[in-house]
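Report on the structure given below.
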Amino acid sequence: MEITTKLVNHLAELSRIEFDEKETENFKSEFEKTLEQIEALEKVDTQNVELKNRLLDAETEIKEDIPHNSLSKNDAIKNAPDTMGSSIAVPIMID
Amino acid sequence: MDYTKLSLLEVSKKIHSGEVTSEEVTSQIIAQIKASEKLNALNSYNFEEALEKAKEVDQKIKDGRVLPILAGVPIVIKDNINVCGQKTTCSSKMLENYVSVYDATVIEKLKEQDAVFVGKANMDEFAMGSSNENSAFGPVLNPIDNTRVPGGSSGGSAASVGAYQCYAALGTDTGGSIREPASFCGVVGMKPTYGRVSRYGVVAFANSLDQVGPLTRTVKDNAVMLSAIAGYDDKETTSVDCPVPDYLNEIKDDIKGLKIGIAKQFFALGMDEDVKIAVEKAIEFYRQNGAEIVDVDLKNIDLALSAYYIISSAEASSNLSRFDGVRYGFRAEKYDDLVDLYVKTRTQGFGREVKRRIMLGNFVLSSGYYDAYYNKAKKVQQLMTNEFEEAFKKCDVLLSPTSPSVAFKLGEKSNDHIKMYLSDVYTVPVNIVGSPAISFPCGKNQDGLPIGLQLIGKKFDESTLYTLANYFEEHNKSNFGGRDE
C-alpha cells in the first residue's frame, strides 16, 4: 500500500502530533515497511474463525457497586502542570 | 563479607536469622548501585527511605517477629509501576516530573511483605522497545558487556538484577519485555498468565497483553516473588480470582514424564547458530533426564508479530491519548489555544518510537482500515489461541529460544525498527495467547554472552515452568547467578 503525505497528515491530526516535512518523509517510508510486514495477515483464511469475547478461560465476576474512598482533591491535581485554586487550569476555550 | 552476590533466598535467611542486618545488606546494595552507576539501570534512587525501612525490619527481627521471605530484601521496580511518593516517569519526557500519588497493587503487596525499595528502573519509553535505547534518559548498558544492549523494555530491571544492584526486580511484559532482557542479561524472567497479577497502578501500554512479572538471579527467587505479587484484585477487572499457589513449595525435584512440546515452526523463524546449538543441548538435557519430547504444530506462529503490532499499537494509541498536558505530566511552554496545547505537548513530550506506534494504532483503528487490519489481527489472535490450546493437549510446556540472538551492540538495530521488532519473534506469541512463560539462561556463546531458553506453559500453570527451569538450574549452576566477577 502506498503511503501518501495526505494520509500521514490525517493520522498526525488524529494523533495530535506534528511532523515537519523531513519527519513526514521518514515516517512515510518507515510506515510502508511496517505495513509490508503486517500485510502478511491478509493471506490467512479467517473466514470461519469465531471471535471469543475474551482471552480468559476463567469467569470474571461483576463487581458489587460499593462506594469507597478515592484520591483526595489535592492528590488528584498534584501533578497538573497548571492549577487555579483546587482546579486544573487550561487556556481559555470560549472568549 | 560481600552479601550482594547472594541469592534472594540466601540473603533473606541471613537477615532473618540475625547473621546480618537488613541495614548492612541495604548499605552494600546502595554502594553497589553507586559503583555501577554507569550502567544507567536506574532512573531514580530511594536510598534514605530504603535504609529507614531496613532499620524497621531489623527492629522487628530483634523483637522476635516471624517475617515473610521478602522482609528486609532490597528490590528494584520498573519505572512504569506507581510507588506512592516516588517518581513514575515511564522513561519519558512526558512524565519526567510525575510523582505517584498512590501505590500499584503489586507495590501494596510487596509493602505488606516489608520489602525494601531501592530505586526505579530505566526502561524503553512507555515500555515500547526491545533494547532500552528508546529511553528519554539514555540507554542502559548490558552489565556483561557494556557495549551491548540489555534488551527491553525492562532493560533497567534486568541489568540491575544482573549487576547485583538488587535481589529481584519487577518488570512488565507486553510482547517479551521481561523475557528478552532476562535472556540478554543472563537472569531469570517470568511473564505470568494474563490475569495472574493485578495491573492496577501500572501505566498501561496495551491492556489486553500487559502483565507484571519478576526478574531474579535464580528460579527459586523468582517463584518467591511471583507468590508475593500474584492474586485477584477487585480494583482490576481482568485479574482472575483463582488461588495463588506457594510457587516455591510447588517446585518438584523430578521431571520424569513431563511432556515438552517442540514446534518445528519455531526453528524456521530464524535464529543464530550458537542459540540453536544451546537450545538443542537443552532439549537433549531434558530428554536424558526423563522428560518426553513431543512434536507439536503451530502453523500460524509466524503471524504473531504482525497481529501483535496491530493490537498493541491500537491499544497504545488510545491509552496514550491521556497525555495531553492538562491533568498531569509535561505541558509545552508555548501554544496558541487548547488544541495547540495538546499538539505541542504531545509533539515535544513523546519520543520517536512512541509516536510511530500511536500513528500505527490510529491507522489500524481508523475508518476504512479497521476491518482489514484490527479485526483481522483479532481473528488471527483467536486462531493462534486455538492452535496453542490444541498443542497443549499433547504437552505440558512448549520450548523455544527466548530471542533469536544474544544481546546485540548498542546502535546495531536502532535505525531499523523491523529488525528490532524481530528480536521478539519468540516472545510475542505468548502475550497474544495469554499464556505464562519463563526465560532462563541455558548457555553462553563463544564470547561469554548468555543465551536464554523460553518455556511456555498452560494458563495458570506457572508451577510446571518453575519445576522445569529449576531442574535445569540445579544441574547447570554455572549459567546462573548474574555476571561473572
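The values are calculated or read from the model by the stated rules, or taken from the named source; none is laboratory data. Predicted model, so just to flag it, every value in this text is computed and none were measured. Ideal geometry is used to build each Cβ from the backbone, glycine not excepted, and the neighbour counts take in all protein chains shown. The area values use the complete protein model at the heavy-atom level, side chains included, leaving out ligands, DNA and RNA. Shrake-Rupley method; radii C 1.70, N 1.55, O 1.52, S 1.80 Å.
Could you run through the range B:375-391 and say how many residues are more than 9 Å from every other protein chain (Cβ to nearest Cβ) and over 26 Å from the mean Cα position of the chain (by Cα)?
1
Evaluate the range A:39-50: report whether one residue or more is open to solvent by less than 100 Å² (accessible area, probe 1.4 Å), in contact with a helix residue (DSSP H, G or I) (Cβ under 7 Å, 6 or more places away or on another chain), modelled with pLDDT of 95 or more and among the small types (Gly, Ala, Ser).
Among the residues of the range A:39-50, not one is open to solvent by less than 100 Å² (accessible area, probe 1.4 Å), in contact with a helix residue (DSSP H, G or I) (Cβ under 7 Å, 6 or more places away or on another chain), modelled with pLDDT of 95 or more and among the small types (Gly, Ala, Ser), which makes the answer no.
Residues to consider are A:His68, A:His10; find the one that is at the interface with another protein chain (Cβ under 10 Å from one of its Cβ atoms) and at pLDDT 90 or above.
Working: A:His68 fails: at pLDDT 90 or above.
After ruling out the rest, the residue left standing is A:His10.
May I ask you to list the residues in the range B:242-287 that are part of a helix (DSSP H, G or I), under 26 Å from B:Leu9 (Cα atoms) and open to solvent by 70 Å² or more (accessible area, probe 1.4 Å)?
Hits for the range B:242-287 are B:Asn249, B:Glu250.
Which ones in the range B:364-399 are touching a residue at least 12 places away in the same chain (Cβ under 8 Å), more than 21 Å from B:Val296 (Cα to Cα) and not basic (Lys, Arg)?
Across the range B:364-399, the qualifying residues are B:Val364, B:Leu365, B:Tyr373, B:Tyr374, B:Ala377.
Which ones in the range B:117-140 are outside any helix (DSSP H, G or I) and among the charged types (D, E, K, R)? Outline the logic, then answer.
Residues of the range B:117-140 that are outside any helix (DSSP H, G or I), as a first pass: B:117-124, B:128-140.
Result: B:Lys120, B:Asp124, B:Glu133.
Tell me which residues, restricted to the range B:288-303, are open to solvent by less than 10 Å² (accessible area, probe 1.4 Å), at pLDDT 95 or above and in a helix (DSSP H, G or I).
none
For the range B:339-352, state whether one or more residues are under 26 Å from the mean Cα position of the chain (by Cα) and under 30 Å from B:Gln454 (Cβ atoms). Show your work before the answer.
Pass one, the range B:339-352, residues under 26 Å from the mean Cα position of the chain (by Cα): B:349-352.
Pick out the ones that are also under 30 Å from B:Gln454 (Cβ atoms) and you get B:351-352.
Among the residues of the range B:339-352, at least one is under 26 Å from the mean Cα position of the chain (by Cα) and under 30 Å from B:Gln454 (Cβ atoms), which makes the answer yes.
Looking only at the range B:316-345, count how many residues are open to solvent by 60 Å² or more (accessible area, probe 1.4 Å), more than 7 Å from chain A (Cβ to nearest Cβ) and closer than 21 Å to B:Ala204 by Cα.
3
Does B:Asn362 satisfy the condition of being among the polar types (S, T, N, Q), more than 25 Å from B:Lys87 (Cβ to Cβ), more than 8 Å from chain A (Cβ to nearest Cβ) and open to solvent by 20 Å² or more (accessible area, probe 1.4 Å)? Before the answer, list the steps.
On the way: among the polar types (S, T, N, Q): yes; more than 25 Å from B:Lys87 (Cβ to Cβ): yes; more than 8 Å from chain A (Cβ to nearest Cβ): no; open to solvent by 20 Å² or more (accessible area, probe 1.4 Å): yes.
Here the answer is no, as B:Asn362 does not meet what is asked.
Under 8 Å between Cβ atoms, which residue pairs at least 6 apart in sequence (or on different chains) link something in the range B:425-437 that is over 9 Å from B:Thr193 (Cα atoms) and within 10 Å of chain A (Cβ to nearest Cβ) with a partner that is buried (at least 24 other Cβ atoms within 10 Å of the Cβ) and of a type in the set (Val, Ile, Thr)?
B:Ile432/B:Ile311
Would you mind stating whether A:Ile88 is at pLDDT 85 or above and surrounded by 10 or more Cβ atoms within 10 Å (Cβ to Cβ)? First the steps, then the outcome.
Values: at pLDDT 85 or above: yes; surrounded by 10 or more Cβ atoms within 10 Å (Cβ to Cβ): yes.
Answer is yes for this residue.
Being among the basic types (Lys, Arg) and under 21 Å from the mean Cα position of the chain (by Cα) is the filter; apply it to the range B:392-443 and report the residue that is surrounded by the most Cβ atoms within 10 Å (Cβ to Cβ).
Here is the first cut: in the range B:392-443, the ones among the basic types (Lys, Arg) are B:393-394, B:409, B:413, B:419.
With under 21 Å from the mean Cα position of the chain (by Cα) added as a condition, the list becomes B:409, B:413, B:419.
Working: B:Lys409: 13, B:Lys413: 20, B:Lys419: 13.
Per the criteria, the residue is B:Lys413.
Which members of the range B:143-163 meet the condition of being out of contact with any Leu (no Cβ under 8 Å at 6 or more places or on another chain) and more than 12 Å from B:Glu180 (Cα to Cα)? Full working, then the answer.
Restricting attention to the range B:143-163, the residues satisfying the condition of being out of contact with any Leu (no Cβ under 8 Å at 6 or more places or on another chain) are B:151-153, B:155, B:162.
Within the range B:143-163, just B:Gly162 meets the criteria.
For the range B:401-458, name all the residues that are aromatic (Phe, Trp, Tyr) and farther than 21 Å from B:Leu209 by Cα.
Those that are aromatic (Phe, Trp, Tyr) and farther than 21 Å from B:Leu209 by Cα: B:Phe408, B:Phe440.
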